[in-house]
Amino acid sequence: MDEAFAWLTERGWHPDGGFIHTTNRDGSPRDERRDTYDHAFALLALAHFAKSTGRQDAADWFERTVDFVTTRLPDEQPGLYLEGLPAPTPRRANPHMHLLEAWLAAYELTGGPAHMSRADAIVERFHDHFFDAETWTVTEFFDERWQPAPGELGRIAEPGHHYEWIWLLKQHARLGGDQTAHDAVCRKLFAFAEAFGRNHLTGMVFDAVSKEGRPIKDTSRCWPQTEALRALLVMEHTGTPGLSSRIDETLAILLSRTLRDCPPGCWMDQYDAAGKPIARDIPASTFYHLFSALSEIVKSH
């Protein structure tokens, strides 16, 4: 972890503030945009690293990152953020989902009320911008005015993100958010994802469907399965009955398929509609999802 922290802080910080998107292997800048999604994970990592090590330099970098995110990336309406610097379109719900995760982690680790206020603002925008009450889906893509993106792009729903929002809203409720409001929305997100987001031939979660429930990407990556597992666990813990078999089924998919159809220590990242492995590479980003899901299993036993 020390080496990763040193690389991030010594080679990743832009002279104008914020972390750049990518470096070359020698540490030189490759893509200097400062992406909001990236900064959500930087906040999450730095908060945990500072807490677990007690290092003052890590705490200082966490605060430096907080300052950049809260002064340079917010959009005009509280709880909404730019895509980054520069700020392209379409705008997405996804960076906000991970910023919610980061602010909740920061609040839980530091007790700072400002972090919870930032989380609250994102949750408000979830209810009035991201959640489509008519279709019980999460709108993923928006135009520059925060209206659903035109055409099919604005009709995309990602079942994996439905499950991920469920887990995060439940964490927000656990830390003081509106339990009743969250429960109602989580039931709707869960109902849509379970009814339309799963390939009933393979049992796996689709990569993307339409708001009408039609598969748009009938492939299934590894990470939506991990988020389904987390959502199933938290829904069971908070009172939804009859989920034991779904939890067992989803865990079996992870352990007997995605972690076995691959070299030891790796994972198979994607399957086709018939359940055939099709991934040609192993994105490192999937490790975050696997670790989070399997950690949730450990905590539940």
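A few remarks follow.
- Selected residue (only one of ALA105, ALA93, ALA58 is open to solvent by 10 Å² or more (accessible area, probe 1.4 Å) and among the small types (Gly, Ala, Ser)): ALA105
- When we screen HIS14, HIS39 for residues that are surrounded by 11 or more Cβ atoms within 10 Å (Cβ to Cβ) and either at pLDDT below 95 or more than 22 Å from ALA105 (Cα to Cα) (or both), the only hit is HIS14.
- Residues being open to solvent by less than 70 Å² (accessible area, probe 1.4 Å) and either over 13 Å from HIS127 (Cα atoms) or more than 17 Å from the chain's Cα centre (by Cα) (or both) - total across the range 176-187: 7
- Checking ALA149 against (1) more than 19 Å from the chain's Cα centre (by Cα); (2) under 23 Å from GLY275 (Cα atoms); (3) in contact (Cβ under 8 Å) with a residue 40 or more places away in the chain, the condition it does not meet: (2)
- Residues that are open to solvent by 30 Å² or more (accessible area, probe 1.4 Å), closer than 13 Å to THR286 by Cβ and touching a Lys or Arg at 6+ places or on another chain (Cβ under 7 Å), drawn from the range 220-274: GLN270
- Within the range 88-121, the only residue that satisfies the criterion of being among the small types (Gly, Ala, Ser), modelled with pLDDT of 95 or more and not in a helix (DSSP H, G or I) is ALA93.
- Taken together, THR71, THR23 contain a single residue that is surrounded by fewer than 18 Cβ atoms within 10 Å (Cβ to Cβ), among the polar types (S, T, N, Q) and free of Cβ contacts under 8 Å to residues at least 12 places away in the same chain, which is THR71.
- Every pair of residues 6+ apart whose Cβ atoms lie under 7 Å, when the first sits in the range 204-227 and is farther than 13 Å from HIS161 by Cα and free of Cβ contacts under 8 Å to residues at least 40 places away in the same chain while the second is among the charged types (D, E, K, R) and open to solvent by 10 Å² or more (accessible area, probe 1.4 Å): LYS217/ASP207
- Filtered residue count, the range 174-197, keeping only those that are without any contact (Cβ under 8 Å) to a residue 12 or more places away in the chain and of a type in the set (A, V, I, L, M, F, W, C): 1
The values are calculated or read from the model by the stated rules, or taken from the named source; none is laboratory data. Keep in mind it's a predicted model, so treat the numbers as computed, not measured. Note: ideal-geometry Cβ built from the backbone for every residue, glycine included; neighbour counts use all protein chains shown. Side chains are part of the model used for accessible areas, which takes the heavy atoms of the whole protein and leaves out ligands, DNA and RNA. Shrake-Rupley method; radii C 1.70, N 1.55, O 1.52, S 1.80 Å.
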